[in-house]
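Peer 1: Provided herewith is a single structure, encoded as structure tokens, for subsequent inquiry.
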Amino acid sequence: MAGIRKTKVKLAAPKNKQKKALNKWSQEKNTNNGVKKPNRAKSDETKQDKKAANKPIVFVSPNAGVSSEDGNESIDSEQEQETVPKKLPVLQPVPTDIPDPQLDPRKIKKLQPLIGYIYNGDQLSLKQSFQQAGLLLTPDYDEKTRVFRFLVDTKEMCRAVGEKNEAHSIAREKLVQIVRYYCYTVKRVKEYHTRRKIFYTRPPKAAIQAQKDQKKIQEENVGFQMLQKQGWNPGSALGVSTEGIIEPIAVQRRKGKRGLGVEDAVAPDGMSGGKVKIPVEAFYLILQQYAGVNALYDIVFSSQFSKNQRAKLKNYAKSLKLMPLMIGQNKKKLVVSKPLTIKEIKEGVMKGHSDLCAKYVVIPPAAGIPQKDSTC
């Protein structure tokens, strides 16, 4: 018949599967009968313990005579932190000999990023100070009114009346007073500071003496041992009556092509016929190592170096982004240092960096130390 649907009859599971399912059900029933259900209170306690374990541990310093309550301990620890004195920055005393320029508050605010730099005695470099602070310093002189002015970003800071040279010196003194009254000043007290020896082109006398000591006959020498067996003592003269020579005859190198008997015809000891000079290229490695180390002391080359040698060292130092500088009047020395800004020098000295404190000092403004710098 076309309208009758045929229903599918599900076959029974095999007897083996039925037995396995029955055994499994009976085992689960027996195990559940002997076990109690967990209490909600205990489960909440375990959850709280897990949360407490995840919290960070806070250590409290033990104090004598303090109660064991948590509140009292936290209060006492806060009181201890407040009573610890804070370190002050390394600064010179506030100068008291600078008069108040009585500048406008808007102009004082403009000079906030400025740090003065004294490089030689009491000479303040205005150009370098204003340039590194990002301020444009322009001198202006009007020949009709005979007024000399210093402008900072087109705003007048000070003026003086008179001849050009005289008015310039007076206006400069006023500007220096303004800088020292309202701004910090970094002063260089030493030309250089180094933790290494000054480098020379020729070895020192100590090195020559060391070469002489190395030339002495050692105890391992066969001739030295033979003389000892025959009764000779080190340091005594040869012969039965000890009237012979003490040191062996040394070979002397002649200097130049002059004949025998000429004065100063023998080269000095340890100099092998002339002056022993260290090549300039040997100092390149020293500059390379200095550039790769986080050190703030200086590398100093003596006045023995010629102009050509100094020029080579300068160019190589500049290629390593170092700052070479000639220091001295008669016998000039080449000093190579790290290129630090005035602000970096000021911060390093105020933090107590030993290399910078040995070379620079920081003078606070005469108006007083700002509140932000009163504590570290």
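The values are calculated or read from the model by the stated rules, or taken from the named source; none is laboratory data. What you are looking at is a predicted structure, and each value in this text was computed from that prediction instead of being measured. Methodologically, a virtual Cβ is constructed for each residue, glycine included, from the backbone with ideal geometry; neighbour enumeration extends over all protein chains shown. These area figures cover heavy atoms from the full protein model, side chains too; ligands, DNA and RNA do not enter into them. Shrake-Rupley method; radii C 1.70, N 1.55, O 1.52, S 1.80 Å.
Peer 1: Under a point spin-label approximation (7 Å from Cα along Cα-to-Cβ), what is the S26-I278 distance to one decimal in nm?
Peer 2: Spacing of the two 7 Å Cα→Cβ label points: 9.9 nm.
Peer 1: Ignoring everything but the protein chains, give the 1.4 Å probe accessible area of L91 in square angstrom, nearest 10.
Peer 2: Surface accessible to solvent at L91 totals approximately 40 Å².
Peer 1: Accessible area, 1.4 Å probe, largest first: how do W25, W232 sort?
Peer 2: The residues order as W25, W232, largest area first.
Peer 1: Taking 0.36 nm per intervening residue step and subtracting the Cα-Cα distance, what contour gain separates R146 from Q218 on full extension?
Peer 2: Difference between extended and current length: 17.5 nm.
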